[in-house]
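What follows is calculated from the coordinates using simple rules that are stated; it is not laboratory data. Predicted model, so just to flag it, every value in this text is computed and none were measured. Note that each Cβ is placed from the backbone with ideal geometry, even for glycine, and that neighbours are counted across all protein chains shown.
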């Protein structure tokens, strides 16, 4: 990391221009990935990402530059390029020099076992435990793959307002896929838990459980029949089921789209945007959660935000630049993949809050519907809210009971309509882990929800053909 | 980075072969919004990736600052990585060979910042004027990148390639009643002097307006005509099935299907 003196020198140089704000983001990130196939290591890769991103604002205009060379020879010309792009200081105005004050705080996300101190072979052994467990679940499991990702990131943010603050982010995640074969039918299942923790995570989340869950899905899907299509009530299960809320609603609550009126929820503050049984949060402060940070990538403390309360829109997620555009305070939501991206408003751990209905009651009264137990990938247009998502593990609901597993199901709809059509929210809130892609790159986020019931969604499927 | 030193030291530490891949990238991008320059980004990044083969096993590491003083630690890490690999397929680096270089026929002419700004302003104005139902131009962006890729390895390979691109993209939204649709267009621009801005705006605005008034279809099995772009997207979604890695692992539906009719 650059010294405080050097940062003050660079920031003062930035401010000797027409800009009214300058920020320097420094990053050093080490990561490693171990990949296995059938209890043998296929790959072990390591990566180091380090560099500096410098940003200047002039009212609502932003200029940004980055480099992985961090000496004067590289950074002074970069700063001068940015100054030239933002314009010269008004004649007669004096340049102010920047003095930084380091901000200290208590780390909310301490780590017990630093993955960097553990040999690769021991980490591979953890994956093998998961793979072995998957294979032992059922003899129809014919193949398994595993992957472990470990990341250690240090960042430091300094601004022309005199703030100097740093953060260390650590995370780990294990991916296990199990492949089942019965005759000509070949199906897969997977589980991918992670946390903002060191290797102590695998003492709490036993690798064997990860392997079993992957195998269970693969075996269930061997029996799956084609899914019928049409509009029907859908029960979406807890944890990763929240990916629909994340994609179809969460992104539309980010200031990136709201500030430019490019979101279905722009201008809706204080209005009812969801059914009264829906409240939702974005909370980057949850200790050691996958999407947690002490500070965001603009150096502001993370804070919990109640986005929706009883169906009423109560907050957006706002970064510094879009806060300026909206005339609103930042919410500690500025995030980026690395120094190569300018930050913008992003989610952290975003979820629908627990309700009061029991899980069983969600199925009551459904003559024919879909139970989406595990969601897959999908796409959404944040401006219109239109989405489609694959259901990785689904079951037909018949006469209030889970009937048989179905394959090839897709949920098609509009985030705005889905929120209004949620008529039951259960009490089993859980979160699942994912990587969220948007303007400022790919970042770790938790999605989450309790099981919810949507009174009607268009379900795509092939059983009617 | 003293490449000869790294290769020699790798051999001393028990690494059989070492390859150094470097990518020097310089990028500039500008975006335009509501008649003003909205953002400007500039960068210069040198990335280094190392590939080591020890005992027939391969290890990889990507770095952004390959300092000679960190050489021993990095090479030791590569050796540890290679040692835990269990794959029975022996890894090998590529030796130098006769290569026919395919030279790009594109000759990019770099425009000045004022020229780019004038173009983006015109695109934004023309899109808004193209149809009263076009209510917003979400962004107009210009992006250019130059790259130099260099590969050097212990078998004597030393090869370099330069590339460059410049693209213009725009995204717009149209509204009719309560219906809102968006569309975007991306085009490679070799030389602003030859760029047909009218055609760019026409295509984007026509595609966008064409999306309005769409009706829902009942689900079912239909004959479908796929435009080139649509088929490209669909094919991209299936590209993972052709991945050598997935096929080698036996988890692609196309594994062991060479020579068979698959589509």
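For segment B:193-215, check the following and say yes or no: at least one residue is more than 12 Å from every other protein chain (Cβ to nearest Cβ), part of a loop (DSSP other than H, G, I, E, B) and under 26 Å from residue B:143 (Cα atoms).
Within segment B:193-215, one or more residues are more than 12 Å from every other protein chain (Cβ to nearest Cβ), part of a loop (DSSP other than H, G, I, E, B) and under 26 Å from residue B:143 (Cα atoms).
Looking at A:155, A:151, A:142, which one is under 14 Å from residue A:39 (Cβ atoms) and part of a strand (DSSP E or B)? Working first, answer last.
Working: A:155 fails: under 14 Å from residue A:39 (Cβ atoms); A:151 fails: under 14 Å from residue A:39 (Cβ atoms).
Within the list A:155, A:151, A:142, the selection yields A:142.
So if I check each of A:11, A:82, which one is away from chain B (no Cβ under 14 Å), in a helix (DSSP H, G or I) and buried (at least 20 other Cβ atoms within 10 Å of the Cβ)? Give the derivation first.
On the way: A:82 fails: away from chain B (no Cβ under 14 Å).
None of the other options fit; the residue is A:11.
Checking the structure you have, find out if any residue of segment B:56-65 is more than 13 Å from every other protein chain (Cβ to nearest Cβ) and over 27 Å from residue A:73 (Cα atoms). Even if it seems obvious, please write down each step before you answer.
Of segment B:56-65, the ones more than 13 Å from every other protein chain (Cβ to nearest Cβ) are B:56.
Filter once more, so that each one left must be over 27 Å from residue A:73 (Cα atoms): B:56.
Yes - at least one qualifying residue is present in segment B:56-65.
Only one residue in A:33, A:99 is farther than 27 Å from residue B:117 by Cβ and either without any contact (Cβ under 8 Å) to a residue 40 or more places away in the chain or away from every other protein chain (no Cβ under 11 Å) (or both). Which one? Break it down stepwise before answering.
Details: A:33 fails: either without any contact (Cβ under 8 Å) to a residue 40 or more places away in the chain or away from every other protein chain (no Cβ under 11 Å) (or both).
When all the criteria are applied, what remains is A:99.
I'm trying to understand the selection: among the residues of segment A:69-82, which are touching a residue at least 24 places away in the same chain (Cβ under 8 Å) and either farther than 10 Å from residue A:14 by Cα or touching a strand residue (DSSP E or B) at 6+ places or on another chain (Cβ under 7 Å) (or both)?
A:70, A:75, A:78, A:79, A:82
Looking at (1) part of a loop (DSSP other than H, G, I, E, B); (2) out of contact with any helix residue (DSSP H, G or I) (no Cβ under 7 Å at 6 or more places or on another chain); (3) in contact (Cβ under 8 Å) with a residue 40 or more places away in the chain, which is the only condition residue A:298 fails?
With (1) part of a loop (DSSP other than H, G, I, E, B); (2) out of contact with any helix residue (DSSP H, G or I) (no Cβ under 7 Å at 6 or more places or on another chain); (3) in contact (Cβ under 8 Å) with a residue 40 or more places away in the chain applied to residue A:298, the lone miss is (2).
Quick check on my filter: what residues within segment A:180-202 are away from chain B (no Cβ under 14 Å) and either assigned to a strand (DSSP E or B) or without any contact (Cβ under 8 Å) to a residue 24 or more places away in the chain (or both)? Give the steps one after another, and end with the answer.
Taking segment A:180-202 first, the residues away from chain B (no Cβ under 14 Å) are A:182-183, A:191-202.
Matches in segment A:180-202: A:182, A:183, A:191, A:194, A:195.
Among the listed residues B:85, B:53, B:45, which satisfies the condition of being in contact with a strand residue (DSSP E or B) (Cβ under 7 Å, 6 or more places away or on another chain) and either away from every other protein chain (no Cβ under 11 Å) or on the phi > 0 side of the Ramachandran plot (or both)?
When all the criteria are applied, what remains is B:53.
Exactly one of (1) within 14 Å of chain A (Cβ to nearest Cβ); (2) under 16 Å from residue B:28 (Cβ atoms); (3) in contact (Cβ under 8 Å) with a residue 40 or more places away in the chain; (4) under 24 Å from the mean Cα position of the chain (by Cα) is unmet by residue B:169. Its number?
(3)
Got a sec? Which of A:355, A:378 is within 14 Å of another protein chain (Cβ to nearest Cβ) and either assigned to a loop (DSSP other than H, G, I, E, B) or closer than 20 Å to residue A:227 by Cα (or both)?
Numbers: A:355 fails: within 14 Å of another protein chain (Cβ to nearest Cβ).
Going through A:355, A:378 in turn, just one is within 14 Å of another protein chain (Cβ to nearest Cβ) and either assigned to a loop (DSSP other than H, G, I, E, B) or closer than 20 Å to residue A:227 by Cα (or both): A:378.
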